[in-house]
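Colleague: Sharing a structure below in structure tokens format, with a few things to ask.
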Amino acid sequence: MRGRKKPHGTENFILFDVVYQDGTRSSRRRIPSTHVGGLDGDKAVAALIEEQDRKIAEMSGVRRSPVKTFVRSSGQ
């Protein structure tokens, strides 16, 4: 039996677990795989997580604490 092919135009994502300086966590944050690795490495991932947090804060009115650490979610 053959697996289904992914539709054209979809991005692959890497999932990250984020811990904030106030101790809160956010699990399985989606980051496009094109931004993971490369010359910037972790800096690009951190910048995208912070950008996502800014957008969420604008919509919800609640700001997040700065990012302390992030690691790839298990099973990746």
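The values are calculated or read from the model by the stated rules, or taken from the named source; none is laboratory data. Fair warning: this is a prediction, and the values are worked out from it, not measured in the lab. Ideal geometry is used to build each Cβ from the backbone, glycine not excepted, and the neighbour counts take in all protein chains shown. Heavy atoms of the whole protein, side chains included, go into the accessibility calculation; ligands, DNA and RNA do not. Shrake-Rupley method; radii C 1.70, N 1.55, O 1.52, S 1.80 Å.
Colleague: Output yes when any residue across the stretch 54-62 is assigned to a loop (DSSP other than H, G, I, E, B) and open to solvent by 100 Å² or more (accessible area, probe 1.4 Å), and no when none is. If you could, list the steps in order and put the result at the bottom.
Modeller: Pass one, the stretch 54-62, residues assigned to a loop (DSSP other than H, G, I, E, B): 61-62.
Going one step further and asking which of them are open to solvent by 100 Å² or more (accessible area, probe 1.4 Å), we end up with none.
Checking the stretch 54-62: not a single residue is assigned to a loop (DSSP other than H, G, I, E, B) and open to solvent by 100 Å² or more (accessible area, probe 1.4 Å).
Colleague: Could you grab the pairs with beta carbons closer than 6 Å, sequence gap of 6+ or different chains, first residue in the stretch 38-65 and within 12 Å of residue 18 (Cα to Cα), second one open to solvent by 70 Å² or more (accessible area, probe 1.4 Å) and at pLDDT 90 or above?
Modeller: Every condition considered, the pairs that remain are 53/64; 65/21; 65/22.
Colleague: Also, I was wondering about something else. Identify, please: which residue in the stretch 15-39 is hydrophobic (A, V, I, L, M, F, W, C) and open to solvent by 30 Å² or more (accessible area, probe 1.4 Å) and is, among those, farthest from the chain's Cα centre (by Cα)?
Modeller: Restricting attention to the stretch 15-39, the residues satisfying the condition of being hydrophobic (A, V, I, L, M, F, W, C) are 15-16, 18-19, 31, 36, 39.
Now narrow it down to the ones that are open to solvent by 30 Å² or more (accessible area, probe 1.4 Å): 19, 36, 39.
Values: 19: 12, 36: 10, 39: 18 Å.
It comes out as 39.
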